[in-house]
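The values are calculated or read from the model by the stated rules, or taken from the named source; none is laboratory data. Keep in mind that what you see is a predicted model, and the values were worked out from it rather than measured. Cβ coordinates were reconstructed from backbone atoms using ideal geometry, including for glycine residues, and neighbour counts include every protein chain displayed. What goes into the accessible areas is simple: the full protein's heavy atoms, side chains included, and nothing from ligands, DNA or RNA. Shrake-Rupley method; radii C 1.70, N 1.55, O 1.52, S 1.80 Å.
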Amino acid sequence: MGKRFIAYLTIVLAASFLISSLLTDDAFASIYFDKGVYTWTDKVNVRITEHGMDSENTSVRIHTSNHELGNYKLSKAGNGLYTGEITLTGFLHDVDGDGNHDGNPRTSGSGPNNGFLESARDDEFTISIRFGDGDKISKSAKIRWNVGDISSERLLSASRESVHIKVTDMDMNLNPKSLDKISIHAYSDSDKAGIVIDAIETQMDSGIFETIFSFSPEYISNGHNLLALHEDKVYVQYDDHTLPKPYGINDDLEIIAEFPPIPFGHLEDKKMQWSQHNYAVKNGTGTAKVIVTDSDMNAFSDSVDTLQVFVFSDSFQEGITLDLYETQKDTGIFERTFAFSDKRSAPSVLYAIEGNTVSARYDPTSSLDFASQNISISATMFLGLTGPPLERAPVLLAKITDVSGNIIDEPAVGEQVQIKSDIANGMNRAQKFAYIVMIQDIDGVTEHLAWIDGTLNPETAFSPSASWIPQKGGVHTATMFVWESIENPSALSPPITIEFTVISEDMKESRDIRQGDYDEQFLFIVPQKEFKASGKDLTKLHFYSIKDEHEISQLPRLNLLMSMTKDFPNEPIDRLGLRITDGQLDKYASFFTQKCIEQRPYANVETCSAAELAFEFDEEWYFLYPSLASHKHAIEDDTIDGYPEYFIQK
């Protein structure tokens, strides 16, 4: 058991490459790494340059302290230039505190880009090259864990207050070829339990994880919404389980960012807006006006003052900083009309294309005592004509399904369901979107809020879904929204709503029986000709000899099972079986136990009591096995007490 540490990050309210070279009289070689220090699951890019060396018979050895890739092949990328890539795979370790080991440590690959190499926490990555003439060159880089860090920005808009969280922890870049995620805990003085939300890696191999959540006195903590009163402090906690020395390998550190209450009284008269909700684009260009109202920035009543805002688009996140000028002396209103272009960005020109959302952010605290807190007022607008109002991404055909995709009218308590609908982009340009599902009970209390975001390609459709497990019965309403983004709640289409009733677990059981949606026990048979196709290893089974038909008739439905192998020769063997009860299976067990005792005199009682249902009759071999199968996939044969007989799986 490791030690647990706590680190508080208080948001104060006063708020090369490395080279190793070999040089001889008329030849040289150098090794380059893309980093000086790596973490345990990093991707290592290697570059070798040489001139005049005997590279025809070169051997490359790559290793950490306990693992090695021998005779690794590099790719020739040019005259005297060789490259390679190796992915470090770490070791088994619990990275999230759930008690289970994470990771996929392995050492394999021959080059140039398929190498995987295990590494330890405090390790060293080394590449050694021996040229054909015997000259050697090597280079090493350290492998170390890091302490995570939290940074944040509070976003105030007309409709919500949100916190943009960024966690930097390179050690959690567990797979450099995919987007990883981590969990963070957000809570307030009024709700210590809070919410646990995922932060997603910004891009592959970045080790930077971002998420956004909102808080308000009106919220019930759920999804990405946190209950917090205006006077509450809000906290964000990330638990780091991959700590460098002097921490122990099993220690963990609680990294906590603390957000004091914002004195909204100081911010009431501060606002930012665009002069229009959307702006026309002509030949890839146009102009837009951003407006800030802040009387505190009217520093000199006898002159025109200025302030700065940051503006960025979907296509140009780096953005530009604009100076806004007071409309006239002593007004406290600041404006700037600037240009946008799909060709370039410049000091007063923003690179943006039609269909982009453009955002502006302004720090309203620069003139106040808590200016060091990272707070921004945000506003967004859309580039391009929206076409018919609210029809850029219409949402249609809402439905509830089970996890298999089957439509259900009445979900049950404790049953996982998917809330699905279709959204479409009929425009000839891509459209960013956020699909939000809000589920409320009959009293209007929000029980679940979830969303996904992405980009719809031109003239395409998509069927997003949100997973939910109901916790209580009764009438519920699901409302589906499609917005520009979570930060920009501009609707792309009118919301749609469906009403449904969540039933109890007992009612679900009755419904399933009524609909045949339950499993029953069936007995399946595998004839000798299908042994190989069955995928079962039947070579080590002991097959018991049955001599006469009287014994066959003693076993429930065995005659019928054997007939099925002839009556349905084209059906896959895993689709044909007969319903069987526990009592009938007991007769099979007793029968084959007795056969084992009779035909295997050296077998003990324990072996015979577990005898397989395998037998030979009339020079044919058969294997029987019981298995559960769905009742609704069975063909009913009313001639035998209404029980399903021949079983055919869909």
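Laid out as a table, the results:
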| read-out | value |
| --- | --- |
| Only listed residue being touching a strand residue (DSSP E or B) at 6+ places or on another chain (Cβ under 7 Å), in a helix (DSSP H, G or I) and within 22 Å of Gln521 (Cα to Cα), chosen from Leu624, Leu585 | Leu585 |
| Scope segment 171-197; condition closer than 30 Å to Arg47 by Cβ and open to solvent by less than 50 Å² (accessible area, probe 1.4 Å); matching residues | Asp171, Met172, Asn173, Pro176, Ser178, Asp180 |
| Filtered residues of segment 329-347 (kept if in contact with a Leu (Cβ under 9 Å, 6 or more places away or on another chain) and open to solvent by less than 50 Å² (accessible area, probe 1.4 Å)) | Phe334, Phe338, Ala339, Phe340, Ser341 |
| Selection from segment 359-382 of residues that are at pLDDT 85 or above and open to solvent by less than 30 Å² (accessible area, probe 1.4 Å) | Ser359, Ala360, Tyr362 |
| Checking Met204 against (1) touching a Lys or Arg at 6+ places or on another chain (Cβ under 7 Å); (2) of a type in the set (A, V, I, L, M, F, W, C); (3) under 30 Å from His93 (Cβ atoms); (4) crowded, with 16+ Cβ neighbours inside 10 Å, the condition it does not meet | (4) |
| Scope segment 49-69; condition open to solvent by 40 Å² or more (accessible area, probe 1.4 Å), modelled with pLDDT of 85 or more and of a type outside the set (Asp, Glu); matching residues | Ser59, Arg61, Ser65, Asn66, His67 |
| When residues of segment 481-503 are limited to those that are open to solvent by less than 20 Å² (accessible area, probe 1.4 Å) and modelled with pLDDT of 80 or more, the one farthest from Asn225 (Cα to Cα) | Ile503 |
| Pairs with Cβ under 8 Å, 6+ apart, first in segment 400-420 and surrounded by fewer than 18 Cβ atoms within 10 Å (Cβ to Cβ), second among the small types (Gly, Ala, Ser) and in a loop (DSSP other than H, G, I, E, B) | Val413/Gly473; Val413/Ser504 |
| Tally, over segment 275-321, of residues that are surrounded by 19 or more Cβ atoms within 10 Å (Cβ to Cβ), not β-branched (Val, Ile, Thr) and not in a loop (DSSP other than H, G, I, E, B) | 6 |
| Leading residue by the ranking (nearest to the chain's Cα centre (by Cα)) among those in segment 222-234 that are of a type outside the set (Asp, Glu) and surrounded by fewer than 19 Cβ atoms within 10 Å (Cβ to Cβ) | Asn222 |
| Odd one out for Pro388 among (1) open to solvent by 30 Å² or more (accessible area, probe 1.4 Å); (2) of a type outside the set (A, V, I, L, M); (3) at pLDDT 80 or above; (4) over 22 Å from Gly454 (Cβ atoms) | (3) |
